[in-house]
Amino acid sequence: MIEIKNVVKTFNSGGKGLEALKGISLHIKPGEIFGIIGLSGAGKSTLLRTINRLGEPDSGEIRLGGTDVTKLAPVELRNLRKKVGMIFQHFNLLSSRTVSGNVAFALEVGKWPKRDIPRRVAEMLELVGLSDKADSYPSELSGGQKQRVGIARALANKPSVLLSDEATSALDPKTTQSILALLEDINRKMGITVVLVTHEMGVIRQICHRVAVLEAGRVVEQGRVRDIFMKPRSRTARELLSHLPRMSYDADKLPKEPGKPVVSFSFNGGTADQPIISRAIKTTGAEINILSGEIDNLPASKVGSLTVQLSGTQEEIAGALSYIRSQNVETEVIWNG
């Protein structure tokens, strides 16, 4: 468990104090993949780096498994960092060492017995699919392979927490997908808690269970990913969601016919797979014309949305809406002339 309470961080900029974190509080559950998202300058990376004190907070508490990280002496902090792995946007590999040497370096720093290091390095390279690259140098690797080395190195000391600082933002989309799939697999197999900083809502959609949205050093929204995808409350969440490739109906081109309301339906969890619309048509006799729709496959569930136009008698339309609402589908009338 990671507990962050009222964390404040200020930087000195041109003789003035710049408050990067403004009393942030978060609770991250053991074994979950927790996302921290926001626009550039929101304080995401600054917050992440306070968890293992690569960045020193000015005030507040940061507890890992009950231990207040902010109160640890240097020796205690070094021991704790063995349990907190970290991967970076630009890999931070040692160019003079081979792939094996880079992973071994983490074990050397962690004071592993020399006789145990080769076995552990081999285990880590097999985990990330790079056994055949053991003797290669970073300059001979692709970006995705470099990041896999970074992941292997971060996991070498058997941490309980893995911090990911924009680990996929320098990668192409296909490679990003493979790295996220690897992190998800590691989370599932090892039960490791992953805290992932990103500015891409697509990353959050693919692997995160819960997410916190940062804006100018404050948490403006947090909760289950599916809830924020369905009902984003903050300006930042809405803006980030707007950049996802989605099917949407142009509001200026909505059909506006008397007696034929246009309605938006939001489906959550199991309802996204149910034939609710066809049942509503059969049950009430109303006609439902689908204008646009989409389904997002999130880690814990599916969510979906439809924009439709209803037609029929007033009783048929009212009955169809009543039936659909009874199936735990949220409805919003967009136009009703």
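Scanning the range 285-306 for residues that are touching a strand residue (DSSP E or B) at 6+ places or on another chain (Cβ under 6 Å), surrounded by 13 or more Cβ atoms within 10 Å (Cβ to Cβ) and modelled with pLDDT of 85 or more turns up 286, 287, 288. Residues in the range 245-263: is at least one modelled with pLDDT under 85, closer than 30 Å to residue 196 by Cβ and among the acidic types (Asp, Glu)? For the range 245-263, residues modelled with pLDDT under 85, closer than 30 Å to residue 196 by Cβ and among the acidic types (Asp, Glu): absent. Does residue 121 satisfy the criteria of being touching a Ser or Thr at 6+ places or on another chain (Cβ under 8 Å), more than 24 Å from residue 64 (Cα to Cα) and among the β-branched types (Val, Ile, Thr)? So residue 121 fits the description; yes. In the range 98-120, the residue that is nearest to residue 138 (Cα to Cα) out of those that are charged (D, E, K, R) and surrounded by fewer than 15 Cβ atoms within 10 Å (Cβ to Cβ) is 108. I'd like to check something: does the range 82-99 contain any residue that is charged (D, E, K, R) and touching a Pro at 6+ places or on another chain (Cβ under 6 Å)? Yes, the range 82-99 contains at least one residue that is charged (D, E, K, R) and touching a Pro at 6+ places or on another chain (Cβ under 6 Å).
State yes or no: is residue 152 in a helix (DSSP H, G or I), open to solvent by less than 20 Å² (accessible area, probe 1.4 Å) and within 30 Å of residue 211 (Cα to Cα)? In short, yes.
When the range 78-97 is filtered for residues that are assigned to a loop (DSSP other than H, G, I, E, B) and either basic (Lys, Arg) or open to solvent by 40 Å² or more (accessible area, probe 1.4 Å) (or both), the ones remaining, listed by number, are 82, 83, 89, 90, 92, 94, 95, 96, 97. Residues that are at pLDDT below 80 and among the aliphatic types (A, V, I, L, M) do not occur anywhere in the range 315-329.
The values are calculated or read from the model by the stated rules, or taken from the named source; none is laboratory data. All of these numbers come straight from a predicted model, not from anything done at the bench. Cβ sites come from the backbone with ideal geometry, for glycine too, and all protein chains shown count toward neighbours. Please note that ligands, DNA and RNA were not included when accessible areas were found on the heavy atoms of the full protein model with its side chains. Shrake-Rupley method; radii C 1.70, N 1.55, O 1.52, S 1.80 Å.
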